[in-house]
Amino acid sequence: MKKDVKNEFGVFGERPQVPKKLYNAKYIFGGLLIFLALVILPILPNLGKAVPPPKPQVDTPAIQKLAGQDKQCVEDTAWMRANHMLLLNDWREEVVRTGKREYTGKGGKKYNPSLSNTCMECHSNKSQFCDQCHNYVAVVPNCWGCHLEKEKKVAKAEAK
Ligand code: HEC
Ligand code: HEC
Ligand code: HEC
C-alpha cells in the first residue's frame, strides 16, 4: 500500500480504499445483450443479399404472334429502355393537343399512339414487365388511374 500520496497542495494520508465492484452487472449486461439482439435481428435476414435486378418478360401472346423480324418494340429496345417515358409523353401531346393519331416507328411501321391500345396490347403482362422495372427503381407512374392496363381489361371482359 502506498502511503503519503502527494499532490500540489501537500501530503495527504492514505488514499481511500473504494472496493471495485460493478453493481447490478447481471442486469446491465443482460440489458445490453437484449438491446444488441433487438438492433441486429431485423438486419440479419437481408445481410449480404442484394435485391435481384428486374427481369422484364416479353413473352406475351401478342408478341409471340409477331414473326421473327417484327418481334421488336416501337423503337430500338435500348432506346425504349431509356426513353419510353418520353415517347409516351410525346404520344400524349400529339393525341391530346394536335389530334394526330398516327406514329411512324422503327422501319417505317405505323402505330396508333395509344398507351392502352398499343403498348399494353403487346406488353399485356404489366406486372411481369412494366412493374418489374418500376418496382425496382421505385417509380410509380400514375397512368393507371385513368388508362386501362390490359390485364384488368381482359379480367373484366372474362367476368362478363
Ligand atoms: C408490336 C409490339 C410492341 C409494342 C406495340 C410495344 N412494344 Fe415494347 N417491346 C416489344 C418487344 C418484342 C420488346 C423486346 C425486344 C427485344 O427483346 O429486343 C419490347 C421492349 C420494350 C422495352 C425494353 C425492355 C427491356 O428489356 O429493356 C420497353 C421499356 C418497352 N418495350 C416499352 C414499351 C412501351 C412504353 C410501349 C408503348 C409506347 C411499347 N413498348 C410498345 C414489343 C412491343
Ligand atoms: C427496362 C425497365 C423498364 C420497363 C420494362 C418499363 N419501364 Fe417505365 N420506367 C423505367 C424507369 C427506370 C423509369 C424512371 C425513369 C426516370 O426516373 O427518369 C420509368 C418511368 C416510366 C414512366 C414515367 C413515370 C414518371 O413518374 O415519371 C412511365 C409513364 C413509364 N415508365 C411507363 C412504362 C410502361 C407503360 C411500361 C410497360 C409497357 C414500362 N414503363 C416498362 C423502366 C422501365
Ligand atoms: C386524369 C386521367 C389521366 C391520367 C392520370 C393519365 N391520362 Fe393519359 N389520357 C387521358 C385522357 C382523357 C386522354 C385522351 C384519350 C383519347 O383522346 O383517346 C389521354 C390520352 C393519352 C395518350 C394518347 C391516347 C391513348 O389512347 O393512349 C397517351 C399516350 C397517354 N394519355 C399517356 C399517359 C401516360 C403515360 C400517363 C401516366 C404518366 C397518363 N396518360 C395519365 C387521361 C389520363
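What follows is calculated from the coordinates using simple rules that are stated; it is not laboratory data. Keep in mind that what you see is a predicted model, and the values were worked out from it rather than measured. Don't worry about glycine lacking a Cβ; one is built from the backbone with ideal geometry, like all the others, and counts go over all protein chains shown.
In region 58-88, whose amide N lies under 15 Å from the spot 7 Å out along Cα-to-Cβ of THR98? List them in ranges.
Answer for region 58-88: 87-88.
Kindly put THR77, THR118 in sequence by how many other C-beta atoms sit within 10 Å of each C-beta, fewest to most.
THR77, THR118
With unit charges on the beta carbons (Lys and Arg positive, Asp and Glu negative) and the dipole taken about the Cα centre of region 39-160, which residue among VAL140, SER127, THR77 sits farthest to the positive side?
Result: SER127, furthest along the dipole toward the positive end.
Just to check, using Stokes-Einstein with a Kirkwood Rh over alpha carbon pairs, what's the diffusion coefficient of region 19-160 at 20 °C and 1.002 mPa s in µm²/s?
For these conditions, the coefficient is 111 µm²/s.
Most exposed first by the Cβ proxy, i.e. fewest other Cβ within 10 Å, how do MET80, MET120, MET85 rank?
Ordered by Cβ neighbours within 10 Å, fewest first: MET85, MET80, MET120.
What is the set of long-range amide H partners of GLN57 at a cut-off below 5 Å, with H atoms built 1.01 Å from backbone N?
Answer set, sorted by chain and number: PHE129.
Output the DSSP H helices from the chain with an along-axis C-alpha extent of no less than 18 Å and a mean Kyte-Doolittle hydropathy no less than 1.6. Could you put the intermediate results ahead of the total?
Numbers: long enough: 25-40 (22 Å, 2.26); 77-93 (23 Å, -0.58).
Those that clear 18 Å and a mean of 1.6 are 25-40.
What's the FRET efficiency of LYS21 with LYS55 using the Cβ-Cβ distance as r and R₀ = 41 Å, to the nearest 0.05?
Once the sixth-power term is evaluated, E becomes 0.10.
Please arrange HIS134, HIS84 by how many other C-beta atoms lie within 10 Å of their C-beta, fewest to most.
So the ranking, lowest neighbour count to highest, is HIS134, HIS84.
Could you work out how much longer the chain between PHE29 and ALA78 gets when fully extended? Use 0.36 nm per residue separation minus the Cα distance between them, nm to one decimal. All intermediate terms of the calculation are to be shown ahead of the outcome.
Numbers: separation 49, 0.36 × 49 = 17.64 nm, distance 5.74 nm.
Stretched out fully, the PHE29 to ALA78 stretch lengthens by 11.9 nm.
Quick one: putting +1 on the C-beta of Lys and Arg, -1 on the C-beta of Asp and Glu, what dipole do you get for region 61-159 around its Cα centre, in Debye to the nearest 20?
180 debye
Based on the mean of other Cβ atoms within 10 Å per residue, sort peptides 97-106, 137-146 so the most packed one is first.
On the way: 97-106: 11.5, 137-146: 9.7.
In decreasing order of mean packing, 97-106, 137-146 become 97-106, 137-146.
If the limit is 32 Å between Cα atoms, which of LYS6/LYS26; LYS49/LYS106; LYS49/LYS126; LYS49/LYS71 go over it?
Over 32 Å Cα-Cα: LYS6/LYS26; LYS49/LYS106; LYS49/LYS71.
Ratio of alpha-carbon Rg to the 2.2 N^0.38 Å globular estimate for region 5-97, to two decimals, please.
Here the answer is 2.90, to two decimals.
So how far apart, in nm, are the two label points at ASN89 and ASN46 if each is 7 Å from Cα heading toward Cβ?
Taking the simple label geometry, ASN89 and ASN46 are separated by 3.1 nm.
Using the Kirkwood formula over every pair of different C-alpha atoms, what hydrodynamic radius in Å results for region 6-46?
14.4 Å
Run the helix sum for the chain: -39,500 (n - 2.57) per DSSP H stretch of 4+ residues, divided by residue count, reported at 222 nm to the nearest 500 deg cm²/dmol.
For the chain, the value works out to -10500 deg cm²/dmol.
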